[in-house]
Amino acid sequence: MVALSLPSVLTGCERWPDALDPKAPEAHDIAWLIWTFTGLLGAIWLAVVIAMLIAIRGGRRVAPPAAGATPLDALALHPAGERSRTVIVGVLGGLTALTVLVLTGLSYATQRSLFAPRQEGLSILVTGKQWWWELQYEDADPSRIVETANEIHVPVNVPVTLKLEASDVIHSLWVPRLMGKEDLIPGRQNVKRVFVTQPGVYRGQCAEFCGQQHAHMGLLIVAEPMADFERWRDRQRAEAASPSSDEQQAGHDAFLKRSCVMCHQIRGTDAGGRSGPDLTHVGSRMTLAAGTLPLTRGSLAAWIVDPHGVKPGVDMPLTKLEPDELNAIAAYLESLK
Amino acid sequence: MCSGSLKALMAACAMGALLGACQREERDQRPSPVASETREQVALTTNSAGPSPPEIRVSGKGAKYEASAYDQSQGKKYYAWFNCNGCHSNGGGGSGPPLMDDRWIYGGSIENIVQTIREGRPNGMPSFRGKIPDEQIWQIAAYVRSMSGNTSSDSAPQRNDSMHPHPSESRTPPSPPVNGGTVAPSPSR
């Protein structure tokens, strides 16, 4: 009873990375496969249980041994009974083999369509790093190349090709409502196709253990209509906004003076570090530190002052700042919409 | 019976020894954010105008970094991230002097190297004070020492994350560093 009610309880959970709530054709295929497997195997399991219950309750009537019979007579073969049993076992065996073959075929066919090499539409280079995602929107025109991190914006109803690479260890990209898992492997490029049919924000996660902060390596896929996407892309291409208040100016100066500038890039300023996430438009993102914190001024300050309190082992170091610099840097970064 | 329990005891001891070996070193991932940089009193040379050599007073902090595999591999990563290889290449030198030989213009002890990175040197070496946190300067300096075989191969970095023209520091043969001409003996050693 508990086992039977468990699936309905699980589907009742309205958490957002949900593989059973597909929003893309590929995720539909996978969800359909999950339901087919569950339904078919559940029905078989139920039939077996019922047959077993009948067998136990019904028992077998054994005739009392005839007078003068030896114990060996009980083991004597009865040709008619033997034949019917052989047929039953044979049919059940055949059905089992058929089930396995059909499910294997279904699984194989789905896999084949998932991993078919196709390259079309928008192409995004995704590089997995410990523990964040570097994104580069490719374009034949170099001035239209966009670099950002941890938040993949895609247009709806347009095929998007994700080129997956890694620069340190193996990662895996999984957005349960949109697609199956695909590994990001150092030294090679895997290609994954995403086709989102419904606008929305979808949460993804690294699905291959990649070190201490593997669990905090999330990302968002933001699907929006083409016009919105183009607007977003044009905004991301632009250089960073210049500081508009004294506090932001102080933050800008402190950013360039302190160790921030060694790793982070803010296009339009002298900050050109390439080993940390691009911060040119960090204020426009929804989350900070690869889906770990919501992006607010407070969490920016908390993250800068003690990244190891949030994500122990992360590469971002503790930076010695003057007290008034912290607030200013947080204000400046928040203003980079 | 007796030999059986003896065997079990020996197996338990061996297992204990193996488990003990798992603990290689402590990683200090969260150094104090307010720790100020150490003031090492180093000399660039043993030459002195007077009868006694220059006075050297070091904190001894360097020994911890030179013995730590974690710190050196972090240093190796930062060496590339902060573009040290832009001038010094992978130790062979370019527009900056080579780091894998035995010639040290401003002293070869880890304190000397920390000072060189932190303060900068004439003719091109910039100062990284305030740009690179103190902890990371020490890690980079320990890695620089490992390039010329000056740290134990047990702790030297194990793996090249990117393409290098040489094997990892721990796999280079235990030969003395490449001869770089006149040797200024390291003053602190």
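Scanning region A:305-325 for residues that are farther than 28 Å from residue A:201 by Cα, surrounded by 18 or more Cβ atoms within 10 Å (Cβ to Cβ) and within 11 Å of chain B (Cβ to nearest Cβ) returns A:317, A:318, A:319, A:321.
Counting residues that are under 22 Å from residue A:318 (Cβ atoms) and among the aliphatic types (A, V, I, L, M), which helices (runs of 4 or more DSSP H) fully inside region B:61-167 reach at least 3? Let's see the steps before the verdict.
Working: elements: B:61-66, B:69-81, B:85-88, B:110-119, B:134-147.
In region B:61-167, B:110-119, B:134-147 are the helices (runs of 4 or more DSSP H) which contain 3 or more residues that are under 22 Å from residue A:318 (Cβ atoms) and among the aliphatic types (A, V, I, L, M).
Tally time: how many residues in region A:141-162 are in a strand (DSSP E or B) and open to solvent by 30 Å² or more (accessible area, probe 1.4 Å)? Don't jump to the end; show me each part of the working.
Of region A:141-162, the ones in a strand (DSSP E or B) are A:146-149, A:151-155, A:160-162.
With open to solvent by 30 Å² or more (accessible area, probe 1.4 Å) added as a condition, the list becomes A:147.
Count: 1.
Would you confirm, using the coordinates I've provided, whether residue A:272 is modelled with pLDDT under 90 and at the interface with chain B (Cβ under 9 Å from one of its Cβ atoms)? First the steps, then the outcome.
Values: modelled with pLDDT under 90: yes; at the interface with chain B (Cβ under 9 Å from one of its Cβ atoms): no.
No: the conditions fail for residue A:272.
Just one of the listed residues (A:302, A:289) is in contact with a strand residue (DSSP E or B) (Cβ under 8 Å, 6 or more places away or on another chain), under 25 Å from residue A:214 (Cβ atoms), open to solvent by 10 Å² or more (accessible area, probe 1.4 Å) and within 14 Å of chain B (Cβ to nearest Cβ), namely A:302. Scan region B:90-104 for residues that are open to solvent by 30 Å² or more (accessible area, probe 1.4 Å) and under 17 Å from the mean Cα position of the chain (by Cα) and the total you get is 7. Between A:223, A:238, A:254, A:250, the distinction of being within 14 Å of another protein chain (Cβ to nearest Cβ) and either within 21 Å of residue A:334 (Cα to Cα) or crowded, with 17+ Cβ neighbours inside 10 Å (or both) belongs to A:254 only. Residues that are of a type outside the set (A, V, I, L, M, F, W, C) and open to solvent by 30 Å² or more (accessible area, probe 1.4 Å) within region A:127-140 comprise A:129, A:130, A:134, A:136, A:138, A:139, listed in sequence order. Taking the stated definitions as given, is residue A:309 of a type outside the set (A, V, I, L, M, F, W, C), assigned to a helix (DSSP H, G or I) and free of Cβ contacts under 8 Å to residues at least 24 places away in the same chain? It is true that residue A:309 is of a type outside the set (A, V, I, L, M, F, W, C), assigned to a helix (DSSP H, G or I) and free of Cβ contacts under 8 Å to residues at least 24 places away in the same chain.
When the residues of region A:275-286 are narrowed to those that are in contact with a helix residue (DSSP H, G or I) (Cβ under 8 Å, 6 or more places away or on another chain) and part of a loop (DSSP other than H, G, I, E, B), which ends up farthest from the other protein chains (Cβ to nearest Cβ)? I'd like the intermediate steps shown before the answer.
Going residue by residue through region A:275-286, those that are in contact with a helix residue (DSSP H, G or I) (Cβ under 8 Å, 6 or more places away or on another chain) are A:275-276, A:279-284.
Still in the list and also part of a loop (DSSP other than H, G, I, E, B): A:275-276, A:279-281.
Values: A:275: 4, A:276: 9, A:279: 16, A:280: 19, A:281: 22 Å.
Across region A:275-286, the extreme among qualifying residues is A:281.
Among the residues of region B:54-85, the one identified as within 11 Å of chain A (Cβ to nearest Cβ), without any contact (Cβ under 8 Å) to a residue 60 or more places away in the chain and under 16 Å from the mean Cα position of the chain (by Cα) is B:70. When the residues of region A:326-337 are filtered to those that are more than 14 Å from chain B (Cβ to nearest Cβ) and open to solvent by 20 Å² or more (accessible area, probe 1.4 Å), the one that is farthest from the chain's Cα centre (by Cα) is A:327. Say whether the condition of being assigned to a helix (DSSP H, G or I) and not assigned by TED's automatic domain parsing to the domain that holds residue A:277 is met by at least one residue in region A:236-244. For region A:236-244, residues assigned to a helix (DSSP H, G or I) and not assigned by TED's automatic domain parsing to the domain that holds residue A:277: present. Within region A:201-233, being in a helix (DSSP H, G or I) and out of contact with any helix residue (DSSP H, G or I) (no Cβ under 9 Å at 6 or more places or on another chain) holds for A:214, A:215, A:226, A:227, A:228, A:229, A:230, A:231. Among the residues of region A:195-220, those that are open to solvent by 20 Å² or more (accessible area, probe 1.4 Å) and aromatic (Phe, Trp, Tyr) comprise A:195, A:209. Within region A:27-41, residues that are at negative phi sit with their Cβ atoms under 7 Å from residues that are assigned to a helix (DSSP H, G or I) and exposed (fewer than 13 other Cβ atoms within 10 Å of the Cβ), at 6+ positions apart or across chains, in these pairs: A:29/A:113. Entry remark, region B:120-170: residues being within 12 Å of the chain's Cα centre (by Cα), open to solvent by 50 Å² or more (accessible area, probe 1.4 Å) and of a type in the set (Ser, Thr, Tyr) number 2 in total.
The values are calculated or read from the model by the stated rules, or taken from the named source; none is laboratory data. None of the values given here were measured: they were computed from a predicted structure. Because the Cβ atoms are built from the backbone with ideal geometry, glycine has one as well, and the counts that use them run over all protein chains shown. Quick note on the areas: whole protein, heavy atoms, side chains included, nothing else; ligands and nucleic acids left out. Shrake-Rupley method; radii C 1.70, N 1.55, O 1.52, S 1.80 Å.
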